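Quick notes on the structure that follows.
The values are calculated or read from the model by the stated rules, or taken from the named source; none is laboratory data. Bear in mind that the values here come from a model prediction, so they are computed numbers and not experimental data. No Cβ is skipped: glycine too gets one built from the backbone with ideal geometry, and neighbour counts run over all protein chains shown.
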C-alpha cells in the first residue's frame with residue numbers, strides 16, 4: 001500500500017513516511033489531518049488532500065441510481081436508492097400509493113405496511129430483498145406508535161433481523177406518520 005503526503009500549514013513533528021508505511025498499513029492521522037493511502041505523494045504534487053479526493057471520486061464513479069415505477073417517485077432531488085460498493089442505500093420511504101402519490105390512509109399500521117411494500121419494490125429493482133437488509137432507520141411522527149410499527153415490521157424481516165434505529169422526529173414530509181430508510185447488501 002502506498003501513502004500520500006499532505007502539506008500541513010501548521011508545525012508538526014517530522015515523520016519519516018517510509019517508516020510509517022512499513023509499520024502502519026492503515027490510514028493514520030497526523031496533526032488533525034488524515035492521510036488516506038491510495039497513491040504516492042509524488043503523483044499529486046502540491047494539491048492538498050488530492051489522495052482523499054481521488055479515493056472518493058473513484059467510489060462515486062461506481063454508484064448507480066435505482067428507479068422503479070412500482071414505488072412512489074422521489075419527492076425531491078434524490079434517488080429512490082443508490083447501488084454502490086455491493087450495497088444498496090434506500091432513501092427514506094413513505095406510505096404513499098405509487099399510482100396516486102397519496103397516503104394509503106392515516107393509520108400508522110397501514111402506512112407502515114405500505115412503506116415496507118414500497119421498500120420491497122425498490123429492493124427488488126436493485127437486485128436485493130428484505131433478507132439482504134442489514135440496517136434500517138425508522139422515523140416516527142409519534143414514538144408512541146413504536147409497538148404498532150413493530151407488529152407490522154416483524155412480518156417483513158426474519159431472524160437475524162437487521163440492525164435498526166428508531167426516532168421520533170419533529171415532522172416528516174407530507175405529514176407522514178412514518179418514514180423508513182435502509183441499507184442492504186448485494
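For this structure, a couple of remarks:
- Subset tally (residues that are exposed (fewer than 15 other Cβ atoms within 10 Å of the Cβ), touching a strand residue (DSSP E or B) at 6+ places or on another chain (Cβ under 7 Å) and in a loop (DSSP other than H, G, I, E, B)) for the range 127-177: 2
Quick grid of which residues meet (1) at pLDDT below 95; (2) more than 16 Å from the chain's Cα centre (by Cα):
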{"residue": "126", "(1), (2)": "no, no"}
{"residue": "136", "(1), (2)": "no, no"}
{"residue": "145", "(1), (2)": "no, yes"}
{"residue": "158", "(1), (2)": "yes, yes"}
{"residue": "167", "(1), (2)": "no, yes"}
{"residue": "171", "(1), (2)": "no, yes"}
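Yes/no per residue for (1) in contact with a strand residue (DSSP E or B) (Cβ under 9 Å, 6 or more places away or on another chain); (2) farther than 13 Å from residue 184 by Cα; (3) assigned to a strand (DSSP E or B); (4) in contact (Cβ under 8 Å) with a residue 40 or more places away in the chain:
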{"residue": "78", "(1), (2), (3), (4)": "yes, yes, no, no"}
{"residue": "105", "(1), (2), (3), (4)": "no, yes, no, no"}
{"residue": "109", "(1), (2), (3), (4)": "no, yes, no, yes"}
{"residue": "115", "(1), (2), (3), (4)": "yes, yes, no, yes"}
{"residue": "125", "(1), (2), (3), (4)": "yes, no, no, yes"}
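- Residue among 179, 151 that is under 19 Å from residue 96 (Cβ atoms) and in the same structural domain as residue 118 (by TED's automatic domain parsing): 179
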